[in-house]
Amino acid sequence: MQIKGKTVIVTGAARGIGRAIAEAFAREGANVLAADLGSLAVGAGADWHYSLSAETELAATAREIGERDGECMAIEVDVSDRASCQNLVERSVEAFGGLDILVNNAGIIKLGRIADFAESTWDRIFAVNVKGVFLMSQTAIPFLAKRGGVIINIASNAGKRGSAFNGPYCASKAAVIGLTQSMAAELAEISIRVNAICPGNVFTPMQFDYLVKHRLQQYPGQSFEEAFDAFVKDTVPLGRKQAPEEIADAALYLTRADSVTGASLSVDGGNGIGLS
Ligand code: NAD
């Protein structure tokens, strides 16, 4: 699919990887609906274990993209809520006459031992990371089907390989890969392609507000970014972190790649294969 003039929804777009994806599509001439919690963060995201995007961040992101990169509209959504997903898709149809591309990027994480992991935290991870993909996709499919549409799910390396103290998140991202493959097989006959991207280590707020603090105590005396870089150098074959823009490049590629469906494209510096 050519991108110029097409309409794309990106969830979790206020910051991090989602923001870079929204910017990239806007620069390519797409009509972008940047969707995130916005003022809903006060309710839906307020009690999470690290700060989700701040109330005003979504509007600021959309304004900056609009001024610099191209067409961008901010819409509030909680992807775990069906009515909220429906509202987002309806706004796309109202504003731009339909929908061509859906990027399911919103996601959350919480580390912990399975032995004492809170059930409510497990449920919220699955509500956002897995059910969110289901609800957004189900709502968008009738509109995507009219246009030979594209769905891109931001899964993770963690969906291809489990790791200690990260069971719920790994399980949720494995579910996203399974859902991606199933939807790809099912929706091919109505000309919708469905692919996933599996990022490796991207230094976004999810990493620097939460993961680095809780995982990288072996690099004392270093800033979060230094510790992150040292960790990546020590554990990833290419020794480098991924830029949000590299994940966005993969999203542009998967949008244009008319023969690719059901793929889970790792953009991870070889993290998935490991060093030995
Ligand atoms: P981030 O926390 O910086 O951004 C995630 C965004 O999702 C935030 O703006 C947050 O407000 C939004 N969000 C959370 N719950 C939501 C909900 N219910 N409805 C709508 N929006 C919601 O994280 P990021 O690193 O940019 O992650 C983006 C995606 O990439 C996630 O799915 C994440 O799991 C995945 N990922 C990240 C990395 C990494 O290293 N950063 C690696 C692999 C996969």
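The values are calculated or read from the model by the stated rules, or taken from the named source; none is laboratory data. This structure is a prediction, so every number in the text was calculated from the model and none was measured. Every residue, glycine as well, gets a Cβ built from its backbone with ideal geometry; the counts of neighbours run over all protein chains shown. The accessibility values were calculated without ligands, DNA or RNA, using every heavy atom of the protein model including side chains. Shrake-Rupley method; radii C 1.70, N 1.55, O 1.52, S 1.80 Å.
Details
- What the Kirkwood sum gives for region 202-241 is a hydrodynamic radius of 10.0 Å, with every pair of different alpha carbons counted.
- FRET efficiency for Lys213 and Thr235, using Cβ-Cβ distance with R0 set to 25 Å, rounded to 0.05: 0.90
- Spin-label pair Ala115/Ser259, simplified geometry with 7 Å Cα→Cβ offset, distance in nm: 5.2 nm
- Computed per residue of the chain from DSSP H runs no shorter than four, each worth -39500 (n - 2.57), the mean residue ellipticity at 222 nm is -12500 deg cm²/dmol.
- The trypsin sites (Lys or Arg not before Pro) of region 1-87 meeting both criteria, a DSSP state outside H, G, I, E and B (loop) and at most 11 other C-beta atoms within 10 angstrom of the site's C-beta, are Lys4.
- Among Val232, Val194, Val133: highest mean-square fluctuation, GNM of the chain, C-alpha pairs under 10 Å: Val232
- Taking Ala145, Ala34, Ala62 in turn, the Gaussian network model of the chain (Cα-Cα springs below 10 Å) assigns the largest fluctuation to Ala145.
- Under the combined filter of DSSP loop state and at most 16 neighbouring Cβ atoms within 10 Å, region 233-271 retains these trypsin sites (Lys or Arg not before Pro): Arg240.
- Listed residue (Pro199, Ser53, Ile108) projecting farthest to the positive dipole end of the chain, Cβ model: Pro199
- The chain: most fluctuating residue of Asp123, Asp36, Asp100 per GNM, C-alpha cutoff 10 Å: Asp123
- Apportionment of accessible area to carbon and sulfur, region 202-241, percent (1.4 Å): 54 percent
- Fully extending the segment from Ala164 to Lys4, taken as 0.36 nm per residue of separation minus the present Cα-Cα distance, adds 53.3 nm.
- Probing with 1.4 Å while keeping every protein chain in the model, the per residue accessible area of the chain equals 42 Å².
- When the chymotrypsin sites (Phe, Trp or Tyr not before Pro) in region 110-204 are filtered for DSSP coil states and for at most 15 other beta-carbon atoms within 10 Å of their beta-carbon, the remaining sites are Phe165.
- Proximal lysines to Lys241, defined as alpha-carbon separation beneath 21 angstrom and excluding residues fewer than eight positions away on the same chain: Lys110, Lys160, Lys173, Lys213, Lys233
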